[in-house]
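The values are calculated or read from the model by the stated rules, or taken from the named source; none is laboratory data. As the structure is a prediction and not an experimental result, all values here were calculated from the model. Because the Cβ atoms are built from the backbone with ideal geometry, glycine has one as well, and the counts that use them run over all protein chains shown. Heavy atoms of the whole protein, side chains included, go into the accessibility calculation; ligands, DNA and RNA do not. Shrake-Rupley method; radii C 1.70, N 1.55, O 1.52, S 1.80 Å.
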Amino acid sequence: MSRPTRAIIDLAALRHNYGVACALAAPGQAMAVVKADGYGHGIARVAQALAPDAPCYAVACLEEALAIRKAGLRQPILLLEGVHAEEDMAVCLEQSLEPVLHSDVQIRWMRGVTIPPVVWLKLNTGMNRLGFAPDELPGLMIRLKQLGVEVRGLMTHFACADDLSDPFTQTQTAVFQEAAADFPGLLLSAGNSAAHFRPDQPLFHWSRPGIMLYGATPMLEASGPELGLKPVMSLVSELISVRTLAPGMTVGYGATWRSEKPTPMGIVAIGYGDGYPRHAGTGTPAVVNGKRVRLIGRVSMDMLAVDLSSVPDARPGDPVELWGSQVGIDEVAASAGTIAYDLLTGVTQRVPREYVN
Ligand SMILES: *Cc1c(COP(=O)(O)O)cnc(C)c1O
């Protein structure tokens, strides 16, 4: 009796992808990045599914870390942006969360804390969003020691790791290594998913795979399956209406698409209100009854139209995959002028998540 639109989450595929990350990270380890509600897959279920294998998680903020604790998991969790208020330092200590400090403000907050949490330091090696300059590191380490703060590790983040032809990752890596050389006792962490697929890229003690865990590509020039990854989310729905458009008829808002010949057309019960990208234009692939079709016209809030010429016998109630094992999310993202990260994290709460395996 319920709307057929669902995100089916394959937890075996998730575990497979984490295994790929671990193999590439060896002899280092891989902390599972599960921020943004597990990239839209549900942070508690994702963290639980990885718990037997994952020694550590990484999230963007305290609220996400607390969701993992609420799911009963005790592994260390890195807060990639540190905390946003002084009083949150005490919560970090109490909950064994390790904030990554990136600013003077966060260092100053340490003065007001009776027992400080273990921390990491973020170095800016060229991303130029957050972090300390490498030449600030020696002074910082002294300051933190005086404050009684244990620094567990250093991390940095790459700006262009997705592009194999871009040498900037080597530059950033060299800056990071040089800065870290004077502190051999610290753990080092640098690699996002893309770094795992760069030949000869050091991944140090801890890599930080995110998007690859969910089976989408982190690279510009290869799809997830080409990298040995399995899609985790299948976004599915059903046809709710089928009709034949006579030549000259248009479909949807703005009447942007017009049929040239009699065209069997299906309406699918999913739209941008579910997080399906409104910018996916005519030609974006989907699958009906196992056969590829293309979107036509504009995506509406609750529905979209597909050209059924390749499946003329399709009927209302027939299954549609918008992305998943039959239609790569990377393809849909390219059609919509965006990346899989955006699509996965954008699936709205209206779409029930169903967990398999
Ligand atoms: C999100 C994030 C990651 C994971 O990036 P992916 O490209 O999804 O692998 C790693 N490190 C930091 C600091 C991040 O913010």
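Data overview
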{"item": "Qualifying trypsin sites (Lys or Arg not before Pro) in the stretch 45-138, DSSP loop, other Cβ atoms within 10 Å at most 11", "result": "Arg74, Arg129"}
{"item": "Histogram of C-alpha separations across the stretch 161-203, 5 Å bin width, %", "result": "5, 23, 31, 22, 13, 6, 1"}
{"item": "Neighbour net charge for Ile43 - beta-carbon separation under 13 angstrom, K R +1, D E -1", "result": "+2"}
{"item": "Pairs of Lys in the chain closer than 23 Å at Cα, counting only those 8 or more apart or on different chains", "result": "6"}
{"item": "Solvent exposure of the chain as accessible area per residue, Å², 1.4 Å probe", "result": "43"}
{"item": "Whole-percent carbon and sulfur share, accessible surface of the stretch 295-357, 1.4 Å", "result": "53"}
{"item": "Amide H within-cut-off set for Leu187, under 5 Å, with H built and near neighbours excluded", "result": "Gly153, Leu154"}
{"item": "Heavy-atom accessible area ranking, 1.4 Å probe, most first, across Ile68, Ile329, Ile142", "result": "Ile142, Ile329, Ile68"}
{"item": "The chain - Debye-derived log10 I(q)/I(0), Cα point model, q = 0.12, 0.13 Å⁻¹", "result": "-0.88, -0.98"}
{"item": "Local electrostatic count, Val268, Cβ distance below 15 Å [Lys/Arg +1, Asp/Glu -1]", "result": "+4"}
{"item": "3J(HN,Hα) from dihedral phi, the stretch 293-307, Karplus parametrisation 6.51/-1.76/1.60, rounded to Hz, x for glycine, proline", "result": "10, 10, 5, 10, x, 7, 6, 8, 5, 10, 7, 8, 10, 10, 7"}
{"item": "Test item: Cα-centred dipole of the chain, Lys/Arg +1 and Asp/Glu -1 on Cβ, debye", "result": "840"}
{"item": "Low-density loop cleavage sites - trypsin sites (Lys or Arg not before Pro) in the stretch 219-301, where at most 16 other Cβ are within 10 Å (DSSP)", "result": "Arg278"}
{"item": "Positive-end residue of Pro312, Ser223, Leu187, charge dipole of the chain with Cβ unit charges", "result": "Pro312"}
{"item": "At 1.567 mPa s and 4 °C, Stokes D of the stretch 1-47 from Kirkwood alpha-carbon radius, µm² per second", "result": "106"}
{"item": "Zero-based 5 Å bins, Cα pair distances in the stretch 201-357, whole percents", "result": "2, 9, 18, 21, 19, 13, 8, 5, 2, 1, 1, 0, 0"}
{"item": "Probe 1.4 Å - accessible area at Ser300, Å² to nearest ten", "result": "20"}
{"item": "Among Leu93, Ile68, Trp206 - extreme Cα towards positive end, dipole of the chain, charges at beta-carbon", "result": "Ile68"}
